Amino acid sequence: MRVLWLALLLASGQAAFACDPAPEPVISLSYGSRYEDDSKTRSKIDAKADADVDDAVRPVDDFLRALTTQANSLADPATDAPAVADCLIAQLGTWAEAGALSDLQSETSNLTVGSRLAGFGLVMLQVAPHATRPEDTAVVLDWLTGLMRAQQRFWEAEAPNGARRGNLRAWAALGGSTLAALTDDPALRAWAAWSASYVLCTAEADGSLPQEMSRGKFALKYQLHAIAPLVVSVVLLDRQGVSLTSICDQALARSIGFALADIDNGTASEAITGKRQSFFDGTDELEPFHLAWLEAWLLLAPAADRPGLEAVADSYRPLTYSKLGGNQTLLWRP
């Protein structure tokens, strides 16, 4: 893995596969908030700051999207699975050996890196079973585990109090849930379960998440943004013997119910915030990735809820989100 190879492997019934080099590793990230300094609810976007953040994270997110596209190809029987798996692990290995994402120079970069770590981990969950070079897999998992350890320290010692209860903590929890599934690390598993529970147990009786409801016109958008990692974490942890579906009076189901009831008109979020929600004032458009977590939730949802959930999911399929591992319909549907 020290040098990426060109893999041209011909097998019966399989097309040739060419492994491209990894993009240039991103070692450092330093950027501020997307929002205006005087926006206490983080609901007024600063156009220049927003563009600066996008520019900073674009190389990471582009790499993640490319990885998930290739990883999802493993669902095709014609794919040369070992070649694809070894290639993607080699690409990630280039970033691992360079110490990518190890120099987070701002609070905001520490707050937001969790979703990228979760995405890389979910790629590894797809490809690791097909890989043929365990030593290369170990390099990548060591790198991701080290980054997750840094996230643990940040969230427990340095993160702002509000953020600790919100969607960014939930994304970090998903990174921990994913790495625990890959490494069977009990400390990461316990921290991921604690972090997901910490966010879930803030849910109000109606299922709204207070930290997300503090976001003004973006409240519903951020409720959905929190639900996504929480659902996938809960499913992954359930498979590791840790059940969170009933915690805090079924907080996850209540949070989902609140969001799904609100996506038609946003009246519940508007009633809480006093603001017309961004999906209904022309700022944002509800897209399939906002509801990509539905595929995973259908595995754990109460049986009585599944027909309605299936109908909602079917109207948006295929449900794809790179930070959740790509095509959720391929990953989670039986």
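Readers should treat all values here as calculations from the given coordinates under stated rules, not as data from a laboratory. Just so you know, these numbers come straight off a predicted model, no measurement behind them. Cβ sites come from the backbone with ideal geometry, for glycine too, and all protein chains shown count toward neighbours.
Details
- When only the Cβ of Lys, Arg, Asp and Glu is charged (+1, +1, -1, -1), the dipole of the stretch 28-332 relative to its Cα centre reaches about 520 debye.
- Sorting the segments 156-162, 105-111 by their mean number of nearby beta carbons within 10 angstrom, highest to lowest, gives 105-111, 156-162.
- If the chain linking E36 and R153 were pulled fully straight, counting 0.36 nm for each residue of separation and taking away their Cα-Cα distance, it would gain 39.3 nm.
- Near the amide H of T320, within less than 5 Å, lie the amide hydrogens of F289, Q328, all on another chain or at least 5 residues away, with H placed in the peptide plane.
- Which of S177, S315, S33, S322 has the fewest Cβ neighbours within 10 Å, and the rest in rising order: S315, S33, S322, S177
- Built amide H within the under 5 Å cut-off of Y35, gap 5+: D46
- The chain: most fluctuating residue of D61, D185, D264 per GNM, C-alpha cutoff 10 Å: D264
- Added length on full extension, which subtracts the Cα-Cα distance from 0.36 nm per residue, D281 to A190: 28.7 nm
- Entry for the stretch 214-334 at q = 0.21 Å⁻¹: log10 I(q)/I(0) = -1.26, Debye formula applied to identical alpha-carbon scatterers, no solvent contribution.
- Packing here is the average count of other Cβ atoms within 10 Å per residue, and on that basis the peptides 203-215, 116-128, highest first, run 116-128, 203-215.
- More than 36 Å apart - percent of Cα-Cα pairs taken over the chain: 17 percent
- Extension reserve of the C201-D20 stretch, reckoned as 0.36 nm per residue once the Cα distance is removed: 60.7 nm
- Computed over the Cα atoms of the stretch 181-271, the ratio of the radius of gyration to the Kirkwood radius (Rg/Rh) comes to 1.02.
- Choice from S278, S255, S246 with maximal GNM fluctuation in the chain (Cα, 10 Å cutoff): S246
- Student exercise, the stretch 234-334 dipole from Lys, Arg, Asp, Glu Cβ charges, in Debye to nearest 20: 300 debye
- Subset of K48/K323; K217/K323; K44/K275; K275/K323 violating a 21 Å alpha-carbon distance limit: K48/K323; K217/K323; K275/K323
- When the charge dipole of the chain is built from unit charges on Cβ atoms (+1 for Lys and Arg, -1 for Asp and Glu) and taken about the Cα centre, the candidate among A203, A301, P318 whose Cα reaches farthest toward its positive end is A203.
- Stokes-Einstein translational diffusion, the stretch 101-226 - Kirkwood Rh over all Cα pairs, 1.306 mPa s, 10 °C, in µm²/s: 105 µm²/s
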